[in-house]
Amino acid sequence: MIDSLPTLLWAGVKFTIPLTLLSFVLGLSLGLVTAVARLFGPWPVSAIARFYVWIIRGTPLLVQLFVIFYGLPSVGILLDAFTAALIGFTLNVGAYTSEIIRAAISSVPKGQWEAAYSTGMNWRQAMRRTILPQASRVSVPPLSNTFISLVKDTSLAAAITVPELFQSAQRIVATTYEPLILYIEAAIIYLALSSILSHLQSRLEFRFARYGGMLEANR
């Protein structure tokens with residue numbers, strides 16, 4: 001059992017954690033663009049954004065990964081396993097975070113827009129300096145939960161041959177024939193990663209709550 005831990009930990013450090021971080025950062029950026037497009041874009045752009053969210057949220061993540069990795073080669077698009085997983089997770093995260101961000105922006109009172117405009121800000125400045133900082137306070141908890149879920153969802157990348165944590169456990173099981181021990185090890189590592197992120201989430205929420213309280217006190 002102990003002999004397999006370094007292999008699993010290395011797979012987590014080399015593939016699982018980078019895949020999680022890259023997918024979340026890219027997906028969050030895509031989600032922000034999609035949310036803004038849905039709320040403020042012209043009708044064609046808004047319609048495209050809604051269609052993208054509808055497709056991604058309405059289909060299983062595993063199917064999306066299979067379409068990208070196994071389906072696209074039939075039309076001449078060849079991707080290595082890690083790149084295919086990164087694209088799949090990014091698209092998935094982007095769709096879900098766009099709904100979180102859209103709801104957070106919509107929750108900001110219209111008076112905040114009016115106050116920003118009254119100080120001479122244009123739309124871009126109001127969004128960057130007034131609306132998004134307030135929306136971020138609302139969106140931090142659900143975005144953090146999405147990030148934690150993504151850590152566990154990366155195990156699906158094993159289905160398209162990415163040698164991440166779970167796939168490494170499967171390979172070791174194929175030679176040691178100790179599935180219970182190996183899968184428990186993998187579960188413990190996932191649990192440790194999720195627990196660390198949950199702790200960081202709590203601290204981040206506390207800081208945002210404290211910052212929000214200071215803003216309210218200064219009004």
Point to revise | Subset of the range 39-66 [under 22 Å from the mean Cα position of the chain (by Cα), part of a helix (DSSP H, G or I) and of a type outside the set (A, V, I, L, M)] | key: 46, 50, 51, 52, 54, 57, 64, 66
Review point. Can you find even one residue in the range 67-76 that is over 21 Å from residue 21 (Cα atoms), in a helix (DSSP H, G or I) and in contact (Cβ under 8 Å) with a residue 40 or more places away in the chain?
Key: yes
Check your understanding: Going by the structure shown, is residue 169 surrounded by 16 or more Cβ atoms within 10 Å (Cβ to Cβ) and modelled with pLDDT under 90?
Key -> yes
Practice item. Would you be able to say whether some residue in the range 107-118 is part of a helix (DSSP H, G or I), under 30 Å from residue 198 (Cβ atoms), of a type outside the set (Phe, Trp, Tyr) and at pLDDT 95 or above? Key: no
Check your understanding: Would it be correct to say that residue 125 is at pLDDT below 90 and over 26 Å from residue 86 (Cβ atoms)?
Key -> no
Point to revise | Failed criterion for residue 161 (all others in (1) of a type outside the set (Gly, Ala, Ser); (2) free of Cβ contacts under 8 Å to residues at least 40 places away in the same chain; (3) at positive phi hold) | key: (2)
Practice item. State all residues of the range 44-57 that are exposed (fewer than 14 other Cβ atoms within 10 Å of the Cβ), among the aliphatic types (A, V, I, L, M) and within 16 Å of residue 27 (Cβ to Cβ); if no residue qualifies, say none. Key: 55
Exercise for review: Count, please, the residues in the range 103-155 that happen to be charged (D, E, K, R) and surrounded by 17 or more Cβ atoms within 10 Å (Cβ to Cβ).
Suggested key: 2
Revision key, fill the gap. The residue from 18, 60 that alone is surrounded by 14 or more Cβ atoms within 10 Å (Cβ to Cβ) and without any contact (Cβ under 8 Å) to a residue 12 or more places away in the chain is 18
Practice item. Scan the range 67-80 and give yes if some residue there is at positive phi, more than 16 Å from the chain's Cα centre (by Cα) and either surrounded by 19 or more Cβ atoms within 10 Å (Cβ to Cβ) or not hydrophobic (A, V, I, L, M, F, W, C) (or both), otherwise no. Key: yes
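The values are calculated or read from the model by the stated rules, or taken from the named source; none is laboratory data. It should be emphasised that the depicted structure is a prediction, and the values quoted were computed from it without experimental measurement. Note: ideal-geometry Cβ built from the backbone for every residue, glycine included; neighbour counts use all protein chains shown.
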